[in-house]
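Each remark here refers to the structure printed beneath this line.
The values are calculated or read from the model by the stated rules, or taken from the named source; none is laboratory data. Note that this is a predicted model, so its numbers are computed, not measured. All Cβ positions, glycine included, derive from the backbone under ideal geometry; neighbour counts span all protein chains shown.
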Amino acid sequence: MLVFLLFFILQLAKINIVAGSLTGSVAFSYIRFLDPFAYLESLLASRDLVAHALWSVMLVVMLYLILGRAFCGWLCPMDYAFGLMNSIRSSFKSRFKNNVEGTVPETHKKGIYQWLSYKKTGYLLALLFLLTSAMLGVPFFTNYMSHLTNLYRGITAGYFALSSLPVDIDLIVYSLSALTLLIVLESLYPRLWCRGLCPVGRTYGLFNKLSLLRLTSKKDTCIHCEACDKECYMGVDVSRHTEQAAIRDTNCILCGRCIEACAQKGKTLKLTFRR
Amino acid sequence: MNRREFILKTLLATTTLSFSLLGGCVNKTTTGSDKEGLLEPLPDIRVEGYIRPPGAVQEPLFRARCTGCGVCINLCHIAKYDALTASGLKHGLSDLALPYIKDFRDHPCALCMECPRHCPTGALVNLQKEDVKMGMALIDFSLCFGYNGDVCLSCSKACPLGAKVFDFYNSEWGNQPYINENCVGCGLCVKYCPLGGSAIKVVTKGQYEKIKGTYIYQFKNLMALSNEERYNMVYGQNLPSIMSRGRIIEREYR
């Protein structure tokens, strides 16, 4: 993830590898990418099909038809930031000491957290964003609330402000406050955003159902230690899926933590391409 | 609510409050002519709306298509023009974070057409330079050297479209450049105008349609003035105000 962030920061030093942000970008000033959820919003808001945008989104769709929801585990800067937050917190708080990173404390297992972390709530929220975009004629989530746009926007605007290029300072403030809101949400309800609410992740999660890369398990070698369940901060019950050949949970971000944690190293859980 | 929750919630409230307050305080703009400590040309015309990147589709559609990904802004930065920037809250939430050209004085658009070529959303459409409709440059006749007894031509030399855009009304009062409606609004002339604070202002096409009548009337009025009236105007008002803008700022031509 840091490598990719570096690519995006290199553009500020006028090195043209990738321009833009994770919402939409141009690589080597030739290949265009566009985030599928951003495309959906912009499509509904403008209500017309642009071949230009379609090509750029098709490329991303193809990519994630191969890789599944790997975006969240490998590219998303928020995933990294939240992970960092949790590791800092768990080193300070005894309450989290025995828990692995991101595990929800007992108090949050019931009530609002559980309700909000249902996948259905996430889909409903995504639909709500799509509807708002269609009604307002504005890509609502992507433009105002998305952590992806706001982070890169904040970085670019901050750099511009420091090097006295034209910039609107209030935009930096807006982006930072949007990010701060997410950080605060994270500190109240760990990983609620990633597990349930983030509409970008929800969209990428759908690719998990079809992707070529998937997490597979072998039933006969599993010793039911449930180390994988404890390690998974996305709340996927990996061990419960061992009955099936492949884990196609939409919350699986293919980060590979469960494989590292598995007691039967490499025998039970594997990331494999479908043949 | 336990102590931990209370602390977190107050933190949340204070951070959001302080951020919004901060946003109100620092919401000021510094443009080129501000930096030189001078008034903008045509001070009675206030620029309405934003001047979008070249090739932008019509405004409500542009708003709907643009996702704010920042490709255009970063491409502009990579190409070292730095013309584009994302808009803040000046014109309200509905125009937040869309690319626009802020500072024509120091960072005009060079019409390199990199951003419409690479926009992934289709908010910018690839066009020929001549077909771009970003805005319209207006000359302040009371400040322009060409209208006040001089031959300057800096703006017409800087213009990427050249002779198509400029009409010249040569007379004893100077070469009198007039920017006609073929202007695309890139603002290179604003940058290369040698007058301190520049004598040209760029407005959006929509605003130009509104003020077109008075602007053309002003121009025709000026052309119809008798020699004596013109003499009084140039030596009585215009030259002192030009002189008060200080020395001619030498600018290098790229």
Problem - Unique match (being surrounded by fewer than 20 Cβ atoms within 10 Å (Cβ to Cβ) and outside any helix (DSSP H, G or I)) among A:THR216, A:THR180 - result: A:THR216
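Please tell me if A:SER177 is out of contact with any Cys (no Cβ under 9 Å at 6 or more places or on another chain) and either among the acidic types (Asp, Glu) or modelled with pLDDT under 85 (or both).
No.
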Exercise for the section: Find the residue count for segment B:187-243, including only residues that are farther than 26 Å from B:PRO160 by Cα and of a type in the set (Val, Ile, Thr). Expected result: 3
Fill in the blank from the handout: Those residues of segment A:57-91 which are in a helix (DSSP H, G or I), in contact (Cβ under 8 Å) with a residue 40 or more places away in the chain and touching a strand residue (DSSP E or B) at 6+ places or on another chain (Cβ under 9 Å) amount to A:ILE66, A:LEU67, A:ALA70
Exercise for the section: Name every residue in segment B:92-135 that is away from chain A (no Cβ under 11 Å), part of a loop (DSSP other than H, G, I, E, B) and under 18 Å from the mean Cα position of the chain (by Cα), in order of residue number. Expected result: B:CYS109, B:ALA110, B:LEU111, B:CYS112, B:MET113, B:VAL132, B:LYS133, B:MET134, B:GLY135
Fill in the blank from the handout: Only one of (1) under 15 Å from the mean Cα position of the chain (by Cα); (2) within 11 Å of chain B (Cβ to nearest Cβ) does not apply to A:PRO36, and that is (2)
Completion exercise
In segment B:136-188, anything crowded, with 21+ Cβ neighbours inside 10 Å, touching a residue at least 40 places away in the same chain (Cβ under 8 Å) and part of a strand (DSSP E or B) is listed as B:MET136, B:ALA137, B:LEU138, B:ILE139
Exercise for the section: Scan segment B:65-80 and give yes if some residue there is outside any loop (DSSP other than H, G, I, E, B), at the interface with chain A (Cβ under 7 Å from one of its Cβ atoms) and of a type in the set (Lys, Arg), otherwise no. Expected result: yes
Practice task
Collect the residues in segment A:42-58 that are under 24 Å from A:LEU213 (Cβ atoms) and either over 22 Å from the mean Cα position of the chain (by Cα) or crowded, with 16+ Cβ neighbours inside 10 Å (or both), keeping them in residue-number order.
Solution key: A:TRP55, A:SER56, A:VAL57
